[in-house]
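Trainee: To start, I am sharing the structure in question, which I have written as structure tokens.
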Amino acid sequence: MSARSGILAALTTKPWLPQPLPPVVVPRLAAATVGLRVLLGVIGVLFGLFAIALLVRARLPDWQPLAGTPTSPLAGLGPLWTNTALLAASSLALQAASVAAQRGRLAATRLGLVLAGIAALAFLVGQGWVWWLFIATGHFVASHPAASFFYLLTSVHGLHLAGGLVALGRSVARAWRERSCVRVHPGVARCALYWHFLFAVWLVLFALLASPPATLAALADICGIR
């Protein structure tokens, strides 16, 4: 800009008029994060439909509760509570890894990822143990509707968690390959979000599977299911 044009610009300035605001920069989500949120929405709808189907089916008189009686397969909820604690530990470890990656602490990130993976694998093994308890007590897939829902819901949830382990494995490999957390943190944050979601879904499934018929009927009434 020449001196002449600079003087003209200064003379034509009107400071008493409202000045244009600087453009607002809206942060854009990464494509992987958008895809994950869409996936979580689809998974949420899927499990929501399963829950509605269970509430509808539980209203029929042949529904056999899975807990609450000495002969029910979930008479003791200890194994499922143990598995719930394992999944909660996995989710917390991933959250700790995400925070550590955000703060640039690579060693803590690696430790959190490994602990999360071990706890998630232990959860899947524990779910298999509960399946074995069902089979040992004569509650097979086709034994009664409640058992069928148990196998269906736990298997679909387990498959989603096993799929998440693939993404977690990639994050672990990247955490060991990289020398800083800059490229590690986005993947770890997405894994943490996925794990938190699956943990919340499991809590809902656990509550539905362990509830007596009266509670399920009350839930169905609240949801307007007739």
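The values are calculated or read from the model by the stated rules, or taken from the named source; none is laboratory data. Just so we're clear, the structure is a prediction, and the values are computed from it rather than from any experiment. Cβ sites come from the backbone with ideal geometry, for glycine too, and all protein chains shown count toward neighbours. Areas reflect the complete protein model, heavy atoms only, side chains present, ligands, DNA and RNA absent. Shrake-Rupley method; radii C 1.70, N 1.55, O 1.52, S 1.80 Å.
Trainee: Using a 1.4 Å probe on the protein chains only, how many percent of the accessible area of the chain belongs to carbon and sulfur? If you can, show how the numbers build up before the last one.
Mentor: Values: 9230 of 12970 Å².
Its accessible area is 71 percent carbon and sulfur atoms.
Trainee: Also: Which one, Val182, His196, Val172, is farthest towards the positive end of the dipole of the chain when Lys and Arg carry +1 and Asp and Glu -1 on their Cβ?
Mentor: It is Val182.
Trainee: Extending each Cα 7 Å along its Cβ direction at Arg59 and Ala207, get the distance between those two points in nm, one decimal.
Mentor: 2.0
Trainee: Pull out a ≥ b ≥ c, the square roots of the eigenvalues of the alpha-carbon gyration tensor of region 125-226, then state rounded if a/c is under 1.5, prolate if not and a/b is larger than b/c, and oblate in the remaining case. Don't skip to the answer; put the middle values down first.
Mentor: Values: a/c = 4.23, a/b = 1.92, b/c = 2.20.
Since a/c reaches 1.5 but b/c is at least a/b, the shape of region 125-226 is classed as oblate.
Trainee: Please work out how much length the chain gains when fully extended from Ile7 to Ala217, using 0.36 nm per residue of separation minus the C-alpha to C-alpha distance, in nm with one decimal.
Mentor: Values: separation 210, 0.36 × 210 = 75.60 nm, distance 8.07 nm.
Separation in residues times 0.36 nm, less the Cα-Cα distance, equals 67.5 nm.
Trainee: Considering the Cα positions of the chain, please state its Rg to one decimal place and its Dmax as a whole number of Å.
Mentor: Computed over the Cα atoms of the chain, radius of gyration and Dmax are 25.9, 96 Å.
Trainee: Quick one: among Ala89, Ala214, Ala120, which has the greatest mean-square fluctuation in a GNM of the chain with alpha-carbon springs under 10 angstrom?
Mentor: Answer for the Gaussian network model of the chain: Ala214.
Trainee: Moving on. Tell me the per residue accessible area of region 57-167 using a 1.4 Å probe; a whole number in Å² is fine.
Mentor: Details: 5250 Å² over 111 residues.
Spelled out: the 1.4 Å probe surface of region 57-167, per residue, equals 47 Å².
Trainee: Ok, one more. Let me spell out the model: positive unit charges on the Cβ of Lys and Arg, negative unit charges on the Cβ of Asp and Glu, origin at the Cα centre of the chain. What dipole size does that give, in debye rounded to 20?
Mentor: Working: 16 positive and 3 negative charges, 247 e Å.
Its charge dipole is roughly 1180 debye.
Trainee: If you wrap region 67-186's Cα atoms in a convex hull and average its projection over all directions, what's the area in nm²?
Mentor: Details: hull surface 30.7 nm².
Taking a quarter of the hull surface, the average projection is 7.7 nm².
Trainee: Are there trypsin sites (Lys or Arg not before Pro) in region 132-187 that DSSP puts in a loop and that have at most 13 other Cβ atoms within 10 Å, and which ones?
Mentor: Values: sites: Arg170, Arg174, Arg177, Arg179, Arg183; in loops: Arg179, Arg183.
Loop-located and lightly packed - Arg179, Arg183.
Trainee: Another one. Keeping all protein chains in the complex and leaving out DNA, RNA and ligands, what accessible area do you get for Phe206 with a 1.4 Å probe, in Å² to the nearest 10?
Mentor: Roll a 1.4 Å probe over it and Phe206 shows about 10 Å².
Trainee: Give the relative contact order (percent, whole number) for the chain; include only Cα pairs under 8 Å separated by 6+ residues. Please list the in-between numbers first.
Mentor: On the way: 203 pairs, mean separation 67.6, N = 226.
Over the chain, the number comes to 30 percent.
Trainee: Putting +1 on Lys and Arg Cβ atoms and -1 on Asp and Glu Cβ atoms, find which of Leu66, Ile225, Leu106 reaches farthest to the positive end of the dipole of the chain.
Mentor: Result: Leu106, furthest along the dipole toward the positive end.
Trainee: For region 115-178, what is the convex hull volume of the alpha-carbon atoms per residue, in Å³?
Mentor: Working: hull volume 4.0 nm³, N = 64.
Once divided by residue count, the hull of region 115-178 is 63 Å³.
Trainee: A further question follows. For Leu29 and Ala85, what does the FRET efficiency come to when R0 = 30 Å and r is the distance between their Cβ atoms, rounded to the nearest 0.05? Please report the intermediate quantities before stating the final value.
Mentor: Numbers: r = 33 Å, r/R0 = 1.08.
Calculated transfer efficiency: 0.40.
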